[in-house]
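Below you'll find the structure, written out as structure tokens, and then a few comments.
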Amino acid sequence: MDKAAQEIWFLTGSQHLYGPKTLKQVALDAQEIAAFLEASGKFPARIVWKPTLTGPDEILDLCLEANSAPACIGVITWMHTFSPAKMWIAGLTHLQKPMAHLHTQANRDLPWGEINMDFMNLNQSAHGDREFGFIGARLRMSRKIVVGFWQDPEVLDELASWGRTARTMAESRRLKIARFGGTNMREVAVTGGDRVEAQIKLGWAVNGHSMGDLAKRIAGVEEAAVERLMEEYEASYRLVPSLRKGGEQRASLRNAARQEIGMRGFLQEGRFGAFTTTFEDLHGMDQLPGLACQRLMAEGYGFGAEGDWKTSALVRLMKVMSEGQPQSGVSFMEDYTYHLAKGHERVLGAHMLEVCPSIAAGQPTLEIHPLGIGGKADPCRLVFDAAVGRAVNACLIDMGGRMRLIVADLDVVAADQAMPRLPVASAVWIPRPDFKRGCQAWILAGGAHHASFSYGADAAQLEDFAGMAGLECIRIDAATDLHALRNELRWNEACYR
């Protein structure tokens, strides 16, 4: 959904105690702030000012309206004056949309020489927002609290980041995931989970679909469509000789193109935002769909290998979260192997085929190589190195009775040497706070071997998302202390029991 079709409502609290003149100024100031936020161009939705709220009935009515308005993805609240929090109870207990509490003030500077009680009564956000903050705490509400002058760039950026997360939550509530083959790989534990609980908590509709139905869709792809896509491949990538026109494996690339077109049509028709495959169920397919999965991810679809529906959903949601960011690549990823030279440890992340080209450092190469599992023909795939920069890995695990989101900060670095014989896309990174503690923390928390890898979505956004969804969230970053993490995990067992 585009920005014009989504809204963030700007709500201002006050009361009638101060008289009509004060309330008029409250409305003017709130409209100015809302207009400034809208004009910034940083938000993923329109900022819509709503009339000043001064009583419990109008607050309840507006919160119910926000719940039922499809366009509303969240609300920003601000108490310009004192706004008695008891009148907010009915509305806030019914509010189902994400909320950010902006703790700011209309004026930046105190008029030191002219300040009087009229000024004090009008500009008492320091007073009113504390009253509002209490009721949020008393109601155990999940909310984002942003503090500072509303024109400060860091305040604007923090609010806009929350806005992208609110948009992600709206996407989560309607996300449909297609599990092609409908099975998890062999007896792997972490890729499973309670799909009903995921739909209750997160809105995800996860359903299995027959590979035979998908294969039928692929077989029906018209040759003219295949030809058009082959031309796109030629224009977008560097093809190895065997896949070029006249090459001995050109037919395999045509089959890969047919897979991509068929899968895209299936996902579009079913309005799916994410999907999974598994090499254990390739009925009717001539090769494991690697290239198709890579390119569909690059379009914005979420993907998880081996039936991993939780990671496929995270990939989709983190793509939404990253939209509009300077470096916005997001991919399915797996911690594959290590470089363990003392003091120079590295993680090599990759997968058999399915790494998204949105994280590539340069133009990918379109290649074909044998695949020792799955029992099918050699699959086509894009091969590249990931860009250098800050990134995160995130995974969602089912702890039985609750889900835990684990988020780890990474520093993606260049490989020490070229890897000319590695037939897949890859990324090299150093976990924070360092290799040893980062890996230990991930394993201690139960982190999966699959993850959603992202440059654009950051840990703060993912923590905000966890709050909106009522998920436990474990962050692993430069400040991680293993002793404190062990205690946090113990305490969370009591908190979420």
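Below is a table of values for the structure above.
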item: Extreme residue, nearest to residue 384 (Cα to Cα), among residues of segment 205-252 that are within 31 Å of the chain's Cα centre (by Cα) and acidic (Asp, Glu); result: 232
item: Test: residue in segment 304-315 that is in the same structural domain as residue 423 (by TED's automatic domain parsing), part of a strand (DSSP E or B) and touching a strand residue (DSSP E or B) at 6+ places or on another chain (Cβ under 7 Å); result: yes
item: Yes/no for residue 282 being surrounded by 17 or more Cβ atoms within 10 Å (Cβ to Cβ) and either touching a Lys or Arg at 6+ places or on another chain (Cβ under 7 Å) or under 27 Å from residue 243 (Cβ atoms) (or both); result: yes
item: The listed residue being assigned by TED's automatic domain parsing to the domain that holds residue 277 and not in a loop (DSSP other than H, G, I, E, B), out of 343, 375, 401, 349; result: 349
item: In segment 381-398, the residues that are touching a residue at least 60 places away in the same chain (Cβ under 8 Å) and assigned to a loop (DSSP other than H, G, I, E, B); result: 387
item: Boolean, residue 189 is at pLDDT below 95 and exposed (fewer than 14 other Cβ atoms within 10 Å of the Cβ); result: yes
item: Hey, residue 91 under 23 Å from residue 162 (Cα atoms), touching a residue at least 40 places away in the same chain (Cβ under 8 Å) and among the small types (Gly, Ala, Ser) or not; result: no
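The values are calculated or read from the model by the stated rules, or taken from the named source; none is laboratory data. Note that this is a predicted model, so its numbers are computed, not measured. Neighbour counts run over all protein chains shown; Cβ positions are idealised from the backbone, glycine included.
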